[in-house]
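Novice: Sharing a structure below in structure tokens format, with a few things to ask.
The values are calculated or read from the model by the stated rules, or taken from the named source; none is laboratory data. Remember, predicted model here, so these are calculated numbers, not experimental data. Counting neighbours? That spans all protein chains shown, and the Cβs are built from the backbone with ideal geometry, glycine included.
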Amino acid sequence: MSSIRVLLVDSEQLVLEGFRKLLDGFTEFCVVSITHDAASALAQLHRHRPQIVVMGLGVAGTGGVDAIRAIRRASGHVRIVILSSNQQPVYMREAFVAGANAYLSRSIDAGELRETLLAVHRDGAAFTAATAGPILQLMAGRGCGDDSPLAMLTERERQILSMVADDHETDCIAKHLGLRPKTVRNYLSRIYAKLGTPNRVQTVLYAKRSLGRQGDLATDP
């Protein structure tokens, strides 16, 4: 099995070196490059085709959220994992809405980092114990107005979420919408990230609760 390719992005050299050394100690990962700013990250993204980008919010040259958006525009398939000492829910939500797949504390231990990155690579999104509570509390406290996570979904994502809520499998969704199953899985990864749900089961539960409150999310293709 080939190693999972990882790009590290952070404004602090010591942080980059520390996490590179940490990941190099695991056989599952291969750090393909380290860089300090969004522009260089985009260049390395095209050059090395990493499967996961691990980055801090204090990226040099631009804000971390803007960097997430730029990376997401450049590659819809790469997983983006945020490392931050700021654990306030509002920052977590901004990162997820921008396109992050996980939000980790810089104080995360080696074992939890490994398991989280593997989960992100496998499932498209992941929560740690430190971030799950704040995000779920934030979601529970919101209504279904324009600032709700559902409002952040694109039309296609809302179609897919509606079908997921009706318990359709990935292959069925792909056939109905004229997409490849892999494309549907990529859409699902982005839906998980935007809603802050860690997996398909929690996404189905969230979608069914939401559908019960505001009717059918789906729109015509």
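Condition check ((1) touching a Ser or Thr at 6+ places or on another chain (Cβ under 6 Å); (2) closer than 19 Å to S3 by Cβ; (3) in the same structural domain as L8 (by TED's automatic domain parsing); (4) in a helix (DSSP H, G or I)) across all residues:
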{"site": "V32", "(1), (2), (3), (4)": "no, yes, yes, no"}
{"site": "A41", "(1), (2), (3), (4)": "yes, no, yes, yes"}
{"site": "H46", "(1), (2), (3), (4)": "no, no, yes, yes"}
{"site": "V53", "(1), (2), (3), (4)": "no, yes, yes, no"}
{"site": "V65", "(1), (2), (3), (4)": "no, no, yes, yes"}
{"site": "I68", "(1), (2), (3), (4)": "no, no, yes, yes"}
{"site": "R73", "(1), (2), (3), (4)": "no, no, yes, yes"}
{"site": "G76", "(1), (2), (3), (4)": "no, no, yes, no"}
{"site": "I80", "(1), (2), (3), (4)": "no, yes, yes, no"}
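Novice: Can you name the condition, by its number, that R20 falls short on among (1) surrounded by 14 or more Cβ atoms within 10 Å (Cβ to Cβ); (2) among the basic types (K, R); (3) at pLDDT below 90?
Specialist: Evaluating R20 over (1) surrounded by 14 or more Cβ atoms within 10 Å (Cβ to Cβ); (2) among the basic types (K, R); (3) at pLDDT below 90 leaves (3) as the failure.
Novice: Within segment 8-17, can one find any residue that is at pLDDT 90 or above, part of a strand (DSSP E or B) and within 18 Å of G111 (Cβ to Cβ)?
Specialist: The answer is no; no qualifying residue exists.
Novice: Taking only segment 82-101 into account, find how many residues are out of contact with any Ser or Thr (no Cβ under 8 Å at 6 or more places or on another chain), in a loop (DSSP other than H, G, I, E, B) and either closer than 21 Å to S189 by Cβ or at pLDDT 85 or above (or both).
Specialist: Adding up the residues that qualify gives 2.
Novice: If we keep just the residues of segment 146-189 that are closer than 24 Å to A98 by Cβ and among the small types (G, A, S), which is surrounded by the fewest Cβ atoms within 10 Å (Cβ to Cβ)?
Specialist: Per the stated criteria, the residue is A151.
Novice: All but one of (1) of a type outside the set (V, I, T); (2) surrounded by 18 or more Cβ atoms within 10 Å (Cβ to Cβ); (3) within 23 Å of L153 (Cα to Cα) hold for A74; which doesn't?
Specialist: (2)
Novice: Sort out which residues of segment 169-187 are under 15 Å from V120 (Cβ atoms) and touching a helix residue (DSSP H, G or I) at 6+ places or on another chain (Cβ under 7 Å), and write them in order of number.
Specialist: Our first condition is that a residue be under 15 Å from V120 (Cβ atoms); within segment 169-187, this holds for 185-186.
Matches in segment 169-187: R185 only.
Novice: Could I ask something else about it? Residues L153, L104: which one is at pLDDT 75 or above and assigned by TED's automatic domain parsing to the domain that holds A207?
Specialist: Exactly one residue qualifies, and that residue is L153.
Novice: Does at least one position in segment 1-12 carry a residue that is under 25 Å from G196 (Cα atoms) and of a type in the set (D, E, K, R)?
Specialist: Yes, because at least one residue in segment 1-12 is under 25 Å from G196 (Cα atoms) and of a type in the set (D, E, K, R).
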